[in-house]
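Novice: Before I ask anything, let me first share the structure, which is written out below as structure tokens.
Throughout, read-outs are computed from the coordinates displayed, never taken from laboratory work. Keep in mind that what you see is a predicted model, and the values were worked out from it rather than measured. As a convention, Cβ positions derive from the backbone with ideal geometry for all residues, glycine included, and neighbour counts pool all protein chains shown.
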Amino acid sequence: MKPARIHWEKGYPVSTHYNDVYFSRDEGKAETEYVFLHQNHLPARWQNTRPFIIAETGFGTGLNFFSTAALWLKTAVPRARLHYFSVENTPLNKADFQKALANWPELAGLLLEFLPHYPPAVPGFHHLPLFNRRVFLTLMFGEVEDMLQQMRATVDAWYLDGFSPAKNPRMWTKDVFEHIARHSKPGTTFSTFTAASPVRRALTSAGFEVEKVAGYGRKREMLRGVLKTSRRSKPGRPPWFEYASRKYNHKHAIVVGAGLAGITTAWALAKRGWQIDLFDQQSAIAQAGSGNALGILMPRISLGENAVSEFYAAAYLKAIRECNTLQKKYADLLWKQDGVLQIATSERIKKQMGKLNCSNDFARVLSAAQTNDMSGLTINKDAFYFPLGGILSPQNLCKYLMNDAGGNIQTQFNTTIHRLAQKGGRWVLFDRDENVIARSETVILTNAVHVLKFEQTQWLKLSAARGQTTMAAATPKSQKIRRAICFEGYILPEINGEHLIGASFLRDDQDTAIREAEHYQNIDQLKHLFPDNFDFETKNLKGHAALRATTPDRMPLAGPVADLDFFKTHYHDLHHGKAKENYPNARDLQGLYVNTGHGARGLCSSFLCAELIAAQICDELLPVSEAVQQALHPSRFLIRDLKSGKIKEESS
């Protein structure tokens, strides 16, 4: 997507594309307060503890958001939470934010906290917890109709603030207003600076009672209104991707697996005041798939705009935000944000380069000469450069996440869960001798491919892939590397006199013993692709071998576990092609969730998957779009098999 193109007139931003102002030159903040806060009867309507939801068409400079957040923090009940959704198709960059909002010094503190979290111009949903988690901003970068279709929320108040209907008609269509009505309820209000007749008629047609009132300053009239009677159609999501809203009696959960997926999940719940019992069969945290000495935090680039590319972009940016925040608390986190190079060693990567559609601060394409300069080596190939990426210690990350949980996570190691059973509304965990290990209403399985050993989850589509990394002593040649370099494998710059080189990838091989042959393969691959750059000794090599949990579509499994019998009974004839409206909503195994299948991308994907599961457990608004939630859903392969008739054939 394209970032905003603006020019400045006497210190005020003007959109070059739409030839329209972002806010009034006559007291823009006062106009925002009058048009959006006052006309939606705020703050009077948020004087209780329930979450309040605002949605906006047109984030622009963020003036409406910051004005609202300032009022919320000043007047709302401390335990209450504001959820603010905002669509933007041409996002501003950080420098323009600072320049535009410099007109209002009273907002400087909020802007200063916001800017480190602000994402580059990358399509999709970007969920930003702000201001000590009292405000949750979801930036939806994309076309307004697409974004509203992907939103999952029932809104209390709408700010309709795109550029004027005459200059940006796509923001004011009948379909847009139908989406707005679908996300509303009786009592939902809206306000907008415009009084254009087509806008008034479209809102009336969508079910709102609309009135003209005096505009602000020199603007004669504006519109405001309220939805009196719900005309909401059914959500467009298929019923098999629905999940039931839960209310748990105790803020306690069991997490099985103490790697990245498990610890980020436990941490996400601990931040919400939950107590967690964390179990692992190893003797310490981050020993198996999360046990590499170092890892690379980088995005996964996909061809086209789809749920896969949206998820990995949002997950990558969230992981970066969380790591940067943690590093401020823990200086020895070992997070080196020096950027990452991905060399164009395949036709797939070259195609991705040709279709790259994002801002340069997210990813850019380098020429062969630029690659040589950025890498410190003579590579002579084009490359992706991810300037926000870097090198991270998974074990350090897990350790400091545990510290950051403030005692809300209790660990029990050298413990193997043999069986799960649900009794009296609680899950019971048994060892091999059928002794009870623990009980809880809520259990999250994050133990990679080992989730398949439980009866309730053995149908999930997961497979194991062995991976081995190599630690090699640095040489004068190798010390020239300036940042992480990825190809079919990868090599990291020297840390403490050694380079991490990786990694083998062997499907359906579940042996985790170190193999000399794989060390040689890792080093030979480097020498083959980058001749004359490396001269590593092949004696006394060290390394780490573990199993990765992978899925057929290379997306994690994150969400509630389906009731398999219910799915087979009620969705068995999906292959006949009946409309989704003919089917009941899905039923899951209450209180049982999985977070697994991260493959080699766990540093990137774990945080967002953990946040998604925590939001589902706590009955919060989801931090991802509808499309991403469905693309991560653990039932997706089951539904595909039902639609293709495979399960029917297997049972006949």
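Novice: Take residue 581 and residue 538, extend 7 Å from each Cα along the Cα→Cβ direction, and tell me the distance between the two endpoints in nm.
Specialist: Taking the simple label geometry, residue 581 and residue 538 are separated by 6.7 nm.
Novice: Among all the aspartates and glutamates, which ones have a C-alpha under 16 Å from residue 247's C-alpha, if same-chain residues fewer than 8 places away are not counted?
Specialist: Within the straight-line limit of under 16 Å, residue 247 reaches these aspartates and glutamates: 441, 588, 619, 620.
Novice: Per 0.36 nm of contour for each residue apart, how much would the distance between residue 170 and residue 332 grow if the chain were fully extended, relative to their Cα-Cα spacing?
Specialist: Net length gain for the segment: 53.4 nm.
Novice: Let me ask another. Which value, in Å³ per residue, describes the convex hull spanned by the Cα atoms of the range 144-300? Present the calculation step by step, with values, prior to reporting the outcome.
Specialist: Numbers: hull volume 34.5 nm³, N = 157.
Per residue, the Cα convex hull of the range 144-300 comes to 220 Å³.
Novice: Another question, if that's okay. Quick one: divide the alpha-carbon radius of gyration of the range 397-556 by 2.2 N^0.38 Å and tell me what you get. Show your work: numbers first, answer last.
Specialist: Details: Rg = 20.6 Å, N = 160, 2.2 N^0.38 = 15.1 Å.
Scaled against compact globular proteins, the figure is 1.36.
Novice: While we're on this one: What lysines does residue 578 reach when the alpha-carbon gap must be under 16 Å and sequence neighbours fewer than 8 apart in one chain are set aside?
Specialist: 568, 643, 648
Novice: For the residues 1, 402, what sequence is obtained by ranking on other C-beta atoms within 10 Å, fewest first?
Specialist: Numbers: 1 18, 402 21.
Result, fewest neighbours first: 1, 402.
Novice: Put a dot 7 Å past each Cα toward the Cβ at residue 220 and residue 488; how far apart are the dots in nm?
Specialist: It works out to 7.2 nm between the two label points.
Novice: Quick one: grab the alpha carbon gyration tensor of the range 6-227, order the square roots of its eigenvalues as a ≥ b ≥ c, and give me rounded if a/c is under 1.5, else prolate or oblate depending on whether a/b is larger than b/c.
Specialist: On the way: a/c = 1.29, a/b = 1.08, b/c = 1.20.
In terms of gyration-tensor shape, rounded.
Novice: Here's a follow-up. For an R0 of 41 angstrom, estimate the FRET efficiency from the Cβ-Cβ distance between residue 495 and residue 434 and round to the nearest 0.05.
Specialist: Working: r = 47 Å, r/R0 = 1.14.
Here the calculated transfer efficiency is 0.30.
Novice: To continue, here is another question. Under a plain spin-label model, where a point goes 7 Å from the Cα along Cα-to-Cβ, how far apart in nm are residue 211 and residue 515?
Specialist: For residue 211 paired with residue 515, the spin-label model returns 7.6 nm.
Novice: I would also like to ask the following. Which pairs, out of 329/423; 74/336; 167/212; 174/219, put more than 31 Å between their alpha-carbon atoms? Walk me through the numbers on the way to the answer.
Specialist: Numbers: 329/423 42 Å; 74/336 37 Å; 167/212 21 Å; 174/219 24 Å.
Violating the 31 Å limit, Cα to Cα: 329/423; 74/336.
Novice: Shifting gears a bit: How big, in percent, is the set of alpha carbon pairs in the chain lying more than 35 Å apart?
Specialist: 46
Novice: Now for a separate question. Can you put 122, 436 in order of Cβ neighbours within 10 angstrom, beginning with the fewest? Let's see the in-between values first.
Specialist: Details: 122 24, 436 10.
Final ranking by Cβ density, sparse to dense: 436, 122.
Novice: Give me the percent relative contact order of the chain, please, defined on Cα pairs under 8 angstrom at least 6 residues apart. Can you show the working numbers first?
Specialist: On the way: 1353 pairs, mean separation 87.8, N = 652.
It comes to 13 percent, rounded to a whole number.
Novice: What FRET efficiency do you get for residue 554 and residue 95 if R0 is 41 Å and r is their Cβ-Cβ distance, rounded to the nearest 0.05?
Specialist: Values: r = 36 Å, r/R0 = 0.87.
The pair residue 554/residue 95 has a calculated efficiency of 0.70.
Novice: When the helix-only estimate is applied to the chain (DSSP H runs of n ≥ 4, each -39,500 (n - 2.57), divided by the residue count), what is the mean residue ellipticity at 222 nm, nearest 500 deg cm²/dmol?
Specialist: On the way: 18 runs with 178 residues, N = 652.
Helix-only estimate at 222 nm: -8000 deg cm²/dmol.
Novice: Relative contact order for the range 530-652: what percent, with Cα pairs under 8 Å and sequence separation of 6 or more?
Specialist: Values: 130 pairs, mean separation 43.9, N = 123.
Reported as a whole number, the value is 36 percent.
Novice: By how many nm would the segment from residue 27 to residue 474 lengthen if fully extended, with 0.36 nm per residue of separation less the alpha-carbon distance?
Specialist: Values: separation 447, 0.36 × 447 = 160.92 nm, distance 6.05 nm.
Length gained between residue 27 and residue 474: 154.9 nm.
Novice: Taking other Cβ within 10 Å of each residue's Cβ, how do 433, 20 sort, fewest first? Walk me through the numbers on the way to the answer.
Specialist: Values: 433 6, 20 14.
With the fewest neighbours first, 433, 20 line up as 433, 20.
Novice: Full extension from residue 49 to residue 185: what is 0.36 nm times the residue separation minus their Cα-Cα distance, to one decimal in nm? Could you put the intermediate results ahead of the total?
Specialist: Numbers: separation 136, 0.36 × 136 = 48.96 nm, distance 1.89 nm.
Result for the pair: 47.1 nm of gain on full extension.
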